[in-house]
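Student: Got a structure for you, written out below as structure tokens; questions coming shortly.
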């Protein structure tokens, strides 16, 4: 394992047109194992367009994760509006390329995205729904002081039900 990243080495930047290639890299079977498997090229283009539009619609923000000083794009993180139990909340998700995992990069990027969501002062709560079979993502929730709510069934991708842990973080 490489040495752990520091907050000064991890930057998040709003999703841009040039980031479609990153989605293709993150579409590898090992990256999509807990998310229903790889997507088609058409699905990737649709996801890319959605990521571009989230910020302009004021319904959240998607980011790339950049590792400094190399300026290497290593993953994504973002939050978006979602309705959970009749309340509009932010939902958050993240993904880091395999060769950069295990260095604390995702934790730092998720913390930065949480800060951005808090700055908006739009929603009271932020939820994360990692698969119960994804120990790394569940560990990030614990490290960042999310409260465990319950196991739940969650539809992702559309048409597919997965068993998740529901984690909640108070933003206000």
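Student: For the chain, modelled as a Gaussian network with Cα springs under 10 Å, which listed residue fluctuates most, 79, 156, 51?
Tutor: Between 79, 156, 51, it is 156 that shows the largest mean-square fluctuation.
Student: Could you list 88, 64 in order of exposure, starting from the residue whose Cβ has the fewest other Cβ atoms within 10 Å?
Tutor: Numbers: 88 13, 64 21.
By the 10 Å Cβ count, ascending: 88, 64.
Student: Right, next: Over segment 7-170, what is the percentage of antiparallel beta bridges among all DSSP beta bridges, to the nearest 5? Spell out each step's value before the answer.
Tutor: On the way: 36 of 39 bridges.
Around 90 percent of the beta bridges assigned by DSSP in segment 7-170 are antiparallel ones.
Student: If you count, for each residue, the other Cβ atoms within 10 Å and average over each peptide, how do 165-171, 92-98, 21-27 line up from highest to lowest?
Tutor: Details: 165-171: 18.6, 92-98: 20.4, 21-27: 16.9.
Highest-to-lowest ranking by the protection proxy: 92-98, 165-171, 21-27.
Student: Report relative contact order for segment 7-170 in percent, whole number only (criteria: Cα-Cα under 8 Å, sequence separation at least 6).
Tutor: Details: 267 pairs, mean separation 31.7, N = 164.
RCO, segment 7-170: 19 percent.
Student: Quick one: among 86, 30, 17, which has the greatest mean-square fluctuation in a GNM of the chain with alpha-carbon springs under 10 angstrom?
Tutor: Its mean-square fluctuation being the largest, the pick is 86.
Student: Nearest 500 deg cm²/dmol is fine: what mean residue ellipticity at 222 nm does the chain get from its DSSP H runs of n ≥ 4 alone, each adding -39,500 (n - 2.57), divided by its residue count?
Tutor: -9000 deg cm²/dmol
Student: Still on this structure, please answer the following. Please sort 107-120, 3-16 by packing, taking for each peptide the average over its residues of neighbouring beta carbons within 10 angstrom, highest first.
Tutor: Values: 107-120: 18.9, 3-16: 15.4.
Highest mean packing first, the order is 107-120, 3-16.
Quick note: the coordinates plus some simple rules give every number you see, no bench work behind them. These numbers were taken from a predicted model, which means no experiment stands behind them. Cβ: placed from backbone, ideal geometry, glycine included. Neighbour counts: every protein chain shown.
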